[in-house]
Amino acid sequence: MQYVWFPPKGELEGDSVALIRTAGTVRTLFGSSSDSKLIASGIADSITTPTLAITPANQRGFCRGRQLSLNVVDVDAYMRAHNQLSGIETFLASPCALQKHKWTEIA
């Protein structure tokens with residue numbers, strides 16, 4: 001696979017609005033897969049810190065330094081707190097809780 005980049009030659013007044021060039025005002029660079037990986041790595045390295053600064057703290061997956069598995073811990077803690085506050089745990093712990101419920105068989 002061949003990659004081609006067309007970086008502009010020099011700077012023009014309208015570059016802050018839109019970067020528009022004709023064929024004669026760009027440089028043609030041919031690259032390989034390794035080149036594109038190096039360029040992507042350089043871009044990723046420069047935008048990671050600002051991106052993490054604006055990413056919400058509850059976004060844990062796919063963020064450097066954060067663990068997706070902590071979401072499971074949060075859900076478990078929320079479930080336990082909800083069950084305690086709603087009284088479900090004390091209801092299920094009572095010996096006659098299962099007897100009060102009418103169980104039906106699914107045929």
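Descriptive notes on the structure:
- In order along segment 21-37, the Karplus-derived 3J(HN,Hα) couplings, from 6.51 cos²θ - 1.76 cosθ + 1.60 at θ = phi - 60°, round to 9, 9, 4, x, 10, 10, 9, 9, 10, 9, x, 10, 4, 5, 4, 5, 5 Hz, and Gly and Pro are given as x.
- Taking Cβ atoms as reference points and 12 Å as the exclusive limit, the residues near Thr55 contribute a net charge of +3, counting Lys and Arg as +1 and Asp and Glu as -1.
- Our estimate of slack between Cys63 and Asp35, defined as 0.36 nm per intervening residue step minus the Cα-Cα distance, is 7.6 nm.
- By the count of neighbouring beta-carbon atoms within 10 Å, fewest first, Val75, Val26 end up ordered Val75, Val26.
Taken together, the values in this text are just the output of simple stated rules run on the coordinates, not laboratory data. Here the structure is a predicted model, which is why all the values come from computation and not from measurement. Every residue, glycine as well, gets a Cβ built from its backbone with ideal geometry; the counts of neighbours run over all protein chains shown.
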